[in-house]
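> Take this structure, written in structure tokens, and hold onto it; I'll ask about it next.
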Amino acid sequence: MAGFISKDTIEKVRESVDIVSLIGDYTNLTRRGSQYWGCCPFHNEKTPSFTVDSVKKFYHCFGCGVGGDAIKFVMEMESLSYPDAISELAKKNNIEVTYESGSGNVKIERDGDLDTVREVYDRIASTFHFFLTQNQMGREALEYIKGRGLSEETISKFKLGYAPSDRTWLKKFLLQKNYSAQFLSKTGLFSKNYPDIALFSGRLIFPIFDRKGEAVAFGGRILGDADGPKYLNSPELPHYKKRETLYAFNFAKKSIQQKKTVILCEGYMDVIAYHQCGIDNAVAPLGTSLTEQQLKILQGFADTVLLSFDSDGAGQNATKRAILMCREFNFTTKIIRLSGAKDPAEIMIKFGPETLTKSVENAILDSDFLLSKLKESYPSDSPDDKTKAALAFFSYVDSLRSDIQKESSLEQLAQSFNLAPEAVKRDFNNRSGARGRLNAKTEHGQNGTKQVKPNAELRAVLAVISNPDEYQKMRRELTSDDFEDPMARELFLNLEECYRKGEVSLSAMLVQSQDEEIQRQITGASASDEFHGDMAKYIDDSIALIKRKSLKRKSKKLSERIKELHPVTSDDETLLKEFLSDKMQIDRHLRQR
């Protein structure tokens, strides 16, 4: 549907959204008084500086400066446009989106495809699950996963399924359900070159859920000796980005929050094995190596990562890469060592849940893991081997965020290879372009933003935004011309626009103010204690100061124009008299203030 989202819909969304619950899906929040605090989902931190106000319905980070309302949060976290964010929140809160023509509303172009794609995936996930559990076609797949030790409860929880081996069946099925061929070509369910051929056929199906528990994609495992890759995954789709999704996060999120620990696995079966054994804080990347976006998802929920990748060469290399990435994000990182089997699923079958639980409890620090691997790779006492081992370990030390951690790790390296600690430290610091140099001053950019330090004018307007009842006083005394600071002037004009629309509020100001730095200033002022309480006198004094400075600027400007004017004609004489009269009036006002 083409048109504009109505103001009524937008207001209902703002009023209905539980912003604490919304943001709580992305980072763990703890109540302190009237506000909630947690680690910022927009930048790396371990000490919470991110606050959510449940009454005023906004968020602000004192670390990186980001801030806004629920709509802005969804826009930033889900990479949605403003209209799409409104529609997403409306759907989540069972609010009907109405449209109307005219200015002042939010324009949106929607054909319903995205919602329909989600509907199709949910329908197909249920159909595939039926084939696996209730239909003879899925018997081989069902026997396979039961042979891997999965219970009926687990099969149902993860909604595992089976895709029929007839590659044309799915297209026919969906066409019978009145989906058009043109629409189906956009779903990622069919071959691009052969649009009647289903991407998934004759495979065990693992539905991939978003954080809300809705099926948004599929992973398929081949069965028996059939041709094709062992695992096949859905392509990138508008509602599904592999790099930004973690398998089973919807099931694991609550446990991760409680334990502040997450287990990162290599694949679907490993995650499912952990969950069946009662270890329900396990998730996995999707068909790719671990990504920064996936670690950002985990930032607000956990401070410790346990890595549980396969014990083969590829798995061990993946472990080493993941260690560096996790340390870059300031996670405490440990390694789960599996003995007697390749992966958690095999451990569960061979030795039972208790052995898997003990493996988790006995996870070792990443530095111990890396040093043990280096001892295997460089077993001799030769200077060359020791140097190679040290250089290999230095990349790990580089990834550490704390000088204390760096120092301790270098001492551990020295002890492991019988080296002088000072020699190790010198070699670490003397490397060309060493990015992890000890005691060097480093800056970890927080969202890459340069924050503006408020001056007197900006602080005055921010005080009024935090105390909107005082705005009428400010608008009686001042005009936009009285402000010298551009940001303060823009904020004042935005306040006036909101006033004329009949709503001087934080939410209205965030909508009216499109500049990100201005939004940061608004949420920062509202989140802090600086402008709370009785601010009437402060605002009065600020208005008087701004007015006095404005009059001085005007008086100075008139003086300059008077000096520049050399009367020649009668019009010049008249203009001079006007300038002198205006200056006398301004100077009189200045003496009275």
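The values are calculated or read from the model by the stated rules, or taken from the named source; none is laboratory data. This one's a predicted model, so the numbers in the text were calculated from it and none came from an experiment. Heads up, the Cβs are rebuilt from the backbone with ideal geometry, glycines too, and the neighbour counts pull from every protein chain shown. Accessible surface is based on the protein model in full, side chains and every heavy atom, while ligands, DNA and RNA are left aside. Shrake-Rupley method; radii C 1.70, N 1.55, O 1.52, S 1.80 Å.
> Would you please name the residue that is surrounded by the most Cβ atoms within 10 Å (Cβ to Cβ), looking only at residues in the range 2-30 that are aliphatic (A, V, I, L, M) and more than 25 Å from the chain's Cα centre (by Cα)?
Of the range 2-30, the ones aliphatic (A, V, I, L, M) are 2, 5, 10, 13, 17, 19-20, 22-23, 29.
Filter once more, so that each one left must be more than 25 Å from the chain's Cα centre (by Cα): 2, 5.
Numbers: Ala2: 9, Ile5: 22.
Per the criteria, the residue is Ile5.
> Return yes when Asp482 is within 18 Å of Asp540 (Cα to Cα), of a type outside the set (Phe, Trp, Tyr) and at pLDDT below 85 and no when it is not.
Details: within 18 Å of Asp540 (Cα to Cα): yes; of a type outside the set (Phe, Trp, Tyr): yes; at pLDDT below 85: no.
Against the criterion (within 18 Å of Asp540 (Cα to Cα), of a type outside the set (Phe, Trp, Tyr) and at pLDDT below 85), Asp482 does not qualify.
> I'd like the full set of residues that are closer than 20 Å to Asp529 by Cα and in a strand (DSSP E or B), limited to the range 1-46.
Selection gives Thr30, Arg31, Arg32, Gln35, Tyr36, Trp37, Gly38.
> Pairs please, first residue from the range 508-531 and closer than 13 Å to Lys72 by Cα, second anywhere and among the aromatic types (Phe, Trp, Tyr), Cβ atoms under 6 Å, 6+ apart in sequence or on different chains.
Within 6 Å, the pairs are Thr523/Phe58.
> For the subset of the range 271-303 comprising residues that are among the β-branched types (Val, Ile, Thr) and at pLDDT 95 or above, which member is nearest to Ala248 (Cα to Cα)?
Taking the range 271-303 first, the residues among the β-branched types (Val, Ile, Thr) are 271-272, 279, 283, 288, 291, 297.
Now drop any that are not at pLDDT 95 or above, which leaves 271-272, 279, 283.
On the way: Val271: 7, Ile272: 8, Ile279: 12, Val283: 5 Å.
Taking the candidates together, the pick is Val283.
> For the range 161-177, give me each residue that is assigned to a helix (DSSP H, G or I) and either touching a residue at least 12 places away in the same chain (Cβ under 8 Å) or not basic (Lys, Arg) (or both). Give the steps one after another, and end with the answer.
If we filter the range 161-177 for residues that are assigned to a helix (DSSP H, G or I), which is where we start, we get 169-176.
Result: Trp169, Leu170, Lys171, Phe173, Leu174, Leu175, Gln176.
> Working only within the range 467-507, note down all residues that are acidic (Asp, Glu) and either touching a Pro at 6+ places or on another chain (Cβ under 9 Å) or open to solvent by less than 90 Å² (accessible area, probe 1.4 Å) (or both). Quick ask: steps written out before the conclusion?
So in the range 467-507, the residues acidic (Asp, Glu) come out as 469-470, 477, 481-482, 484-485, 490, 496-497, 503.
Scanning the range 467-507 gives Glu470, Glu477, Asp482, Asp485, Glu490, Glu496, Glu497, Glu503.
> For the range 47-160, which helices (runs of 4 or more DSSP H) that fit wholly inside it have 3 or more residues that are at pLDDT 90 or above and open to solvent by 30 Å² or more (accessible area, probe 1.4 Å)?
Values: elements: 70-78, 82-92, 113-134, 139-147, 152-157.
Fully inside the range 47-160 and qualifying: 113-134, 139-147, 152-157.
> What about Leu551, is it of a type outside the set (Phe, Trp, Tyr), modelled with pLDDT of 70 or more and surrounded by 13 or more Cβ atoms within 10 Å (Cβ to Cβ)?
Working: of a type outside the set (Phe, Trp, Tyr): yes; modelled with pLDDT of 70 or more: yes; surrounded by 13 or more Cβ atoms within 10 Å (Cβ to Cβ): yes.
So Leu551 passes the test.
> Can you give me the number of residues within the range 532-549 that are free of Cβ contacts under 8 Å to residues at least 40 places away in the same chain and part of a helix (DSSP H, G or I)? Show your work before the answer.
Going residue by residue through the range 532-549, those that are free of Cβ contacts under 8 Å to residues at least 40 places away in the same chain are 533-534, 537, 541.
In the following step, the residues that additionally are part of a helix (DSSP H, G or I) were identified as 537, 541.
So the answer is 2.
> Take the range 404-424 and flag every residue that is in a helix (DSSP H, G or I) and more than 37 Å from the chain's Cα centre (by Cα). First the steps, then the outcome.
Looking only at the range 404-424, we keep the residues that are in a helix (DSSP H, G or I), and these are 404-416, 421-424.
Selection gives Ala414, Gln415, Ser416, Pro421, Glu422, Ala423, Val424.
> Please give the helices (runs of 4 or more DSSP H) falling wholly within the range 252-369 in which 2 or more residues are closer than 20 Å to Thr27 by Cβ and open to solvent by less than 60 Å² (accessible area, probe 1.4 Å).
Numbers: elements: 268-276, 292-299, 313-328, 344-351, 353-361.
Ranges flagged: 292-299, 313-328.
> Right, another one. Does any residue of the range 389-403 turn out to be part of a helix (DSSP H, G or I), open to solvent by 70 Å² or more (accessible area, probe 1.4 Å) and either out of contact with any Lys or Arg (no Cβ under 9 Å at 6 or more places or on another chain) or closer than 20 Å to Ile335 by Cβ (or both)? Show your work before the answer.
Kept after step one, since they are part of a helix (DSSP H, G or I), are these residues of the range 389-403: 389-399, 403.
In the following step, the residues that additionally are open to solvent by 70 Å² or more (accessible area, probe 1.4 Å) were identified as 391.
This time we only want the ones that are either out of contact with any Lys or Arg (no Cβ under 9 Å at 6 or more places or on another chain) or closer than 20 Å to Ile335 by Cβ (or both), so: none.
Within the range 389-403, none of the residues are part of a helix (DSSP H, G or I), open to solvent by 70 Å² or more (accessible area, probe 1.4 Å) and either out of contact with any Lys or Arg (no Cβ under 9 Å at 6 or more places or on another chain) or closer than 20 Å to Ile335 by Cβ (or both).
> Go through (1) under 30 Å from Cys277 (Cβ atoms); (2) open to solvent by 50 Å² or more (accessible area, probe 1.4 Å); (3) at pLDDT below 95 one by one and return the number of the condition Ser165 breaks.
For Ser165, the exception is condition (1).
> Still on this model: May I ask you to verify whether Gly219 is more than 20 Å from Gln293 (Cβ to Cβ) and either outside any loop (DSSP other than H, G, I, E, B) or over 20 Å from the mean Cα position of the chain (by Cα) (or both)?
On the way: more than 20 Å from Gln293 (Cβ to Cβ): no; either outside any loop (DSSP other than H, G, I, E, B) or over 20 Å from the mean Cα position of the chain (by Cα) (or both): yes.
No: the conditions fail for Gly219.
> Which one of the conditions (1) open to solvent by less than 90 Å² (accessible area, probe 1.4 Å); (2) farther than 20 Å from Thr479 by Cβ; (3) assigned to a helix (DSSP H, G or I); (4) at pLDDT below 65 does His589 fail to meet, given that it meets all the rest?
His589 satisfies every listed condition except (2).
> Restricted to the range 206-251, and to residues that are of a type in the set (S, T, N, Q) and open to solvent by 30 Å² or more (accessible area, probe 1.4 Å), which residue is modelled with the lowest pLDDT?
Start the filter on the range 206-251 by keeping residues that are of a type in the set (S, T, N, Q), which leaves 233-234, 245, 250.
Remaining after also requiring open to solvent by 30 Å² or more (accessible area, probe 1.4 Å): 233, 250.
Details: Asn233: 90, Asn250: 93.
Once the filter is applied, the top-ranked residue is Asn233.
> Run Pro379 past the list (1) outside any helix (DSSP H, G or I); (2) buried (at least 16 other Cβ atoms within 10 Å of the Cβ) and report the number of the one that doesn't hold.
(2)
> What tally of residues in the range 169-218 results from selecting those that are touching a strand residue (DSSP E or B) at 6+ places or on another chain (Cβ under 8 Å) and within 30 Å of Ile23 (Cβ to Cβ)?
Within the range 169-218, residues that are touching a strand residue (DSSP E or B) at 6+ places or on another chain (Cβ under 8 Å) and within 30 Å of Ile23 (Cβ to Cβ) number 10.
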